[in-house]
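Okay, structure first, notes after.
The values are calculated or read from the model by the stated rules, or taken from the named source; none is laboratory data. Note that the structure is a prediction, hence the values are computed from the model and not measured. Positions of Cβ are backbone-derived with ideal geometry, glycine not excepted, and every protein chain shown enters the neighbour counts. Quick note on the areas: whole protein, heavy atoms, side chains included, nothing else; ligands and nucleic acids left out. Shrake-Rupley method; radii C 1.70, N 1.55, O 1.52, S 1.80 Å.
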Amino acid sequence: MTGFGRASGQIDSCLLTVEMKSVNHRFLDVSLKMPKQFMSSEDKIKKLISQSVSRGRIEIYVNLEGESLVDKSIHVDWELLEQFVNSLHQIKERFSLKDEVTLNQILGLSQGIDILEESISSENVENKLLLIVEAAIKQLVEMRKIEGDQLAVDLKQRLEDISILTVELEKLAPSVVEQYRERIEKRLAEYVSGKVDENRILTEVALFAEKADISEELTRIHSHNHQFSETLKASGPIGRKLDFLVQELNREANTIGSKANNGDIAKNVVELKSIIEKLKEQVQNIE
């Protein structure tokens, strides 16, 4: 599900802002972008996310405004610089060069002068960071919940549509066998000049009725539909269970379509599979 959360707070003389957004994803995938002095808190931030969100791609941006929470110092490698200057003088003498050794040339030696950064973040700083993250997560979860409530309304309507179609299929199912019986009688009558072997008809019809029986599939659709509806009422993550139920609904619809040799049933099965496909798309968004 989609969502957005934002929170900010002061850490020493700095303003820290945490923004996060979520988009649909089959599993939980957390992406973090933040100043390197906070990298040691990455695992704790991800743990906070996983405690509140179980599905979705979560992108988190941590921005620090103000003085950096690091101590900076300059380190000069005097021995290396001395070798460098001596080498420049030797080059100058060997090739009779007139150019003087300049400060810019010395500063151009990237390995001779370094700026060192040492984090001054403390446990107190990390605690403040995590509190701000928690506040942003709360906003994110609330927004996702609003979307979830809207999805639930849509899903319940589709479940009702499936129930109506299933009842219609139950009404049509007996006609499949009767129509087959009529076709068999007609064909046999044509072959034997009006004299029909009733036992042969009964045998043929019984075999067909067994192959075309969709009562078990319809019963399972009712069961899956009921489980789906009850799962929507449950608390906590339900997305993966709904995924499974949608797969089972689709399986039963395919079986009915392959069994029932009837135009009206085929039409209803197409409509049923269309609704199940829409359920599948929506379920991908549910945590």
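Please say if the range 1-84 is rounded, prolate or oblate, where rounded means a/c under 1.5 for a ≥ b ≥ c the square roots of the C-alpha gyration tensor eigenvalues, and otherwise the choice is prolate for a/b larger than b/c and oblate otherwise? Don't jump to the answer; show the numbers that get you there.
Details: a/c = 3.67, a/b = 2.19, b/c = 1.68.
Judged from the Cα gyration tensor, the range 1-84 comes out prolate (a/c at least 1.5, a/b above b/c).
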Checklist entry - Using modelled amide H (1.01 Å from N, peptide plane; none on Pro or chain starts), what sits under 5 Å from the amide H of Ile11, excluding residues fewer than 5 places away? => result Leu16
Checklist entry - With each pseudo-label sitting 7 Å past Cα toward Cβ, what's the Leu131-Asn63 distance in nm, one decimal? => result 2.2 nm
Next on the checklist: I want to make sure I understand the PRE zone here: with the label point 7 angstrom from the Cα of Ser175 toward its beta carbon, which residues in the range 243-287 have backbone N atoms less than 14 Å away?
Outcome noted: 261-269
Checklist entry - What length, rounded to one decimal in nm, is gained on full extension from Thr219 through to Asp243, with 0.36 nm per residue of separation minus their alpha-carbon distance? => result 6.7 nm
Checklist entry - Hey, with R₀ at 45 Å, roughly what FRET efficiency would Ser54 and Glu168 work out to, going by the Cβ-Cβ distance, to 0.05? => result 0.75
Checklist entry - Ordering Phe4, Phe84 from largest to smallest accessible area (1.4 angstrom probe), what's the sequence? => result Phe4, Phe84
Checklist outcome for this item: Here the FRET efficiency for Lys280 versus Lys36, based on Cβ atoms and R0 = 41 Å and rounded to 0.05, is 0.45
Item to check | Accessible area of Ser223 in the full protein assembly, 1.4 Å probe (Å², nearest 10) | outcome: 50 Å²
Next on the checklist: Give me the extension gain from Val23 to Ser87: residue separation times 0.36 nm, minus the current Cα-Cα distance, reported in nm with one decimal.
Outcome noted: 17.2 nm
Checklist entry - For labels at Trp78 and Glu123 in the simple 7 Å Cα→Cβ model, what's the distance in nm? => result 4.0 nm
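Using 0.36 nm per residue, how much length does the chain from Phe95 to Asn254 gain when fully extended, once their Cα-Cα distance is taken away?
48.5 nm
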Checklist entry - Taking R0 as 35 Å, what's the FRET efficiency between Thr231 and Lys47 from their Cβ-Cβ distance, rounded to 0.05? => result 0.85
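Of Lys47/Lys128; Lys44/Lys128; Lys46/Lys233; Lys21/Lys145, which ones are farther than 18 Å apart at the Cα?
Numbers: Lys47/Lys128 16 Å; Lys44/Lys128 13 Å; Lys46/Lys233 28 Å; Lys21/Lys145 14 Å.
Check vs 18 Å cut-off fails for Lys46/Lys233.
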